[in-house]
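**Student:** Before I ask anything, here is the structure I am working with.
The values are calculated or read from the model by the stated rules, or taken from the named source; none is laboratory data. Note that the structure is predicted; figures quoted are calculated from it, not measured. Cβ sites come from the backbone with ideal geometry, for glycine too, and all protein chains shown count toward neighbours.
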């Protein structure tokens, strides 16, 4: 890729709603069942978990986070844990992957997106990718056809993420799974190309973002 060399290692954090497919997405990226993924009304991921894998010779580190709207934990507590995860993967992340289920954009999904945007307000916008799970529900239709019918709230989330979006079928294996991960990695590398002097979202950037909403971490 012109203008920037490929990072020998990619660091990714996955955030989203409980039951939205965060852990399954992490497993798809890594190509192994490294995170516990199960159908449950409560968040299976209770704290930040870091797992490592390899994709076509590149090391990939994924941090899975507890989900928002967990009946056992408030959203502010989840935001604190996400804040702490920035230190788990020092010196930072190449990408923040916001996971949403490919479905009707409900008020709860909007609240999750609003909360993520609230704690990742300014600098993080340059590192955030919107990833829809349940790609299989498109039944071969392009993702753009789904988004063309989206309401203004969802379109606002897409804009916040710099119009960087894709969809995963987390049941996919083999070539289909590889193609999905390759698409995500290419998107991350393009983000690095746009901002080659600051390829990572760092603790310092997070602290700067937090200044715009001093109540977030109280």
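Listed here are the residues, each with its yes/no results for (1) modelled with pLDDT under 95; (2) touching a strand residue (DSSP E or B) at 6+ places or on another chain (Cβ under 7 Å).
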| position | (1), (2) |
| --- | --- |
| 165 | no, yes |
| 176 | no, no |
| 180 | no, yes |
| 192 | yes, no |
| 196 | yes, no |
| 200 | yes, yes |
| 204 | yes, no |
| 209 | yes, no |
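**Student:** If residue 185 satisfies every condition in (1) out of contact with any strand residue (DSSP E or B) (no Cβ under 6 Å at 6 or more places or on another chain); (2) modelled with pLDDT under 95; (3) closer than 28 Å to residue 84 by Cβ but one, which is the exception?
**Tutor:** (2)
**Student:** Could we say that residue 57 is more than 24 Å from residue 167 (Cβ to Cβ), surrounded by fewer than 22 Cβ atoms within 10 Å (Cβ to Cβ) and either touching a helix residue (DSSP H, G or I) at 6+ places or on another chain (Cβ under 7 Å) or at pLDDT 85 or above (or both) here?
**Tutor:** Here the answer is yes, as residue 57 does meet what is asked.
**Student:** Among the candidates 156, 162, 140, 92, which residue alone is without any contact (Cβ under 8 Å) to a residue 60 or more places away in the chain and within 29 Å of residue 52 (Cβ to Cβ)?
**Tutor:** On inspection, the qualifying residue turns out to be 162.
**Student:** A further question follows. Take the stretch 45-61 and flag every residue that is in contact with a strand residue (DSSP E or B) (Cβ under 8 Å, 6 or more places away or on another chain) and closer than 19 Å to residue 112 by Cβ.
**Tutor:** 45, 48, listed by residue number.
**Student:** Determine which member of the set 116, 99, 112, 158 is in contact with a strand residue (DSSP E or B) (Cβ under 8 Å, 6 or more places away or on another chain), within 24 Å of residue 9 (Cβ to Cβ) and surrounded by 13 or more Cβ atoms within 10 Å (Cβ to Cβ).
**Tutor:** Just a single option satisfies the conditions, and that option is 99.
**Student:** So, in the stretch 76-96, of the ones that are at pLDDT 75 or above and touching a strand residue (DSSP E or B) at 6+ places or on another chain (Cβ under 7 Å), which residue ends up surrounded by the fewest Cβ atoms within 10 Å (Cβ to Cβ)?
**Tutor:** It comes out as 92.
**Student:** Something else: What's the number of the condition residue 147 fails, among (1) farther than 21 Å from residue 53 by Cα; (2) in contact (Cβ under 8 Å) with a residue 24 or more places away in the chain; (3) within 19 Å of the chain's Cα centre (by Cα)?
**Tutor:** (2)
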